[in-house]
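Novice: The structure's right below; bear with me while I get my questions together.
The values are calculated or read from the model by the stated rules, or taken from the named source; none is laboratory data. Nothing here was measured: the structure is a model prediction, and the numbers come from that model. As a convention, Cβ positions derive from the backbone with ideal geometry for all residues, glycine included, and neighbour counts pool all protein chains shown.
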């Protein structure tokens, strides 16, 4: 079985890698916890991310970015290697508004990988994934090119 | 000031900047709205912070998606006088081409305007409207 990175290693990689996403950094996305079957990122509440100034609820686009990033995270953890990939499609259902001033977690699992595609699902929530703010499914496609960082390099 | 008032005054002046400025996330994305006659275009000016993949480089799917969702919301505010912001019920995006490090445009089509729900198709493009980088489909709950 492929060795799995711990949270600390992942967090360090996430923040320091030259492959880290500027947009994720801009939103303040942080690794929260990692298990092979549930990889979680966190976004802190921030005024600049509000979609409705009357209710102070975060904009849906923040949840989209959080889940998109969590999906990428879960594929990375599933494969224990970093490959170049692109989101092919993404579907999000908004079940309830996020509560103002609370951080939002985005959890995801990659449940199938083929030669070209990775299938993922996940949800955004505050305390429990059983009480989601939004649920989502997505498909990512590996774009042509070599593996950026292999399994061996990651665990070294 | 209520959104309906802001959009009314924006409609009167055809300057939609104040509407964008009233939504923090839209301000964060630095969105612009351009309306020529009956044609609505929402613009996402390129910024380094929108990059998701620095290797290519390519726009973050979440940035493109959030932009498209904003475009749909502003389109509805432009189309109708609603007392509250429309709420996204669901959002489906197909990413068709890499979002390059340049400005992105979004056009919106009202597929169906119901009493409570509006169904929109949102096309995001860069070089040309007939080469969309992403196609979005979404349902919005109209202001209660």
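Novice: What's the number of the condition residue A:120 fails, among (1) away from every other protein chain (no Cβ under 14 Å); (2) buried (at least 24 other Cβ atoms within 10 Å of the Cβ); (3) part of a strand (DSSP E or B)?
Specialist: (1)
Novice: A further question on this structure: Specify the residue that is surrounded by the most Cβ atoms within 10 Å (Cβ to Cβ); the eligible residues are those in segment A:15-52 that are at pLDDT below 90 and at the interface with chain B (Cβ under 9 Å from one of its Cβ atoms).
Specialist: A:21
Novice: Taking residue B:27 as meeting all but one of (1) at the interface with chain A (Cβ under 10 Å from one of its Cβ atoms); (2) under 17 Å from residue B:82 (Cα atoms); (3) touching a helix residue (DSSP H, G or I) at 6+ places or on another chain (Cβ under 7 Å), write down the number of the exception.
Specialist: Looking at each condition in turn, residue B:27 falls short on (2).
Novice: Can you tell me which residue is surrounded by the fewest Cβ atoms within 10 Å (Cβ to Cβ) among those in segment B:84-132 that are at the interface with chain A (Cβ under 10 Å from one of its Cβ atoms) and over 19 Å from residue A:91 (Cα atoms)?
Specialist: So, considering only residues that are at the interface with chain A (Cβ under 10 Å from one of its Cβ atoms) and over 19 Å from residue A:91 (Cα atoms), the one surrounded by the fewest Cβ atoms within 10 Å (Cβ to Cβ) is B:84.
Novice: Now for a different question. For segment B:41-59, indicate whether the set of residues that are without any contact (Cβ under 8 Å) to a residue 60 or more places away in the chain, within 9 Å of another protein chain (Cβ to nearest Cβ), farther than 30 Å from residue A:18 by Cβ and buried (at least 16 other Cβ atoms within 10 Å of the Cβ) is non-empty.
Specialist: no
Novice: Specify which of the listed residues (A:146, A:132) is surrounded by fewer than 22 Cβ atoms within 10 Å (Cβ to Cβ) and modelled with pLDDT of 95 or more. Working first, answer last.
Specialist: Details: A:146 fails: modelled with pLDDT of 95 or more.
Sole residue among the options that is surrounded by fewer than 22 Cβ atoms within 10 Å (Cβ to Cβ) and modelled with pLDDT of 95 or more: A:132.
Novice: Hey, another quick one. Failed condition for residue B:43, given (1) at pLDDT 95 or above; (2) over 20 Å from residue A:140 (Cβ atoms); (3) in a helix (DSSP H, G or I), with all others met?
Specialist: Status for residue B:43: all satisfied but (3).
Novice: Of the residues in segment B:74-129, how many are touching a residue at least 60 places away in the same chain (Cβ under 8 Å), part of a loop (DSSP other than H, G, I, E, B) and closer than 21 Å to residue B:52 by Cβ? If you could, list the steps in order and put the result at the bottom.
Specialist: Looking only at segment B:74-129, we keep the residues that are touching a residue at least 60 places away in the same chain (Cβ under 8 Å), and these are B:76-78, B:80-85, B:103-108, B:124.
Those still in the list that are part of a loop (DSSP other than H, G, I, E, B) too: B:80-85, B:103.
Filter once more, so that each one left must be closer than 21 Å to residue B:52 by Cβ: B:103.
The number of residues fulfilling the criteria is 1.
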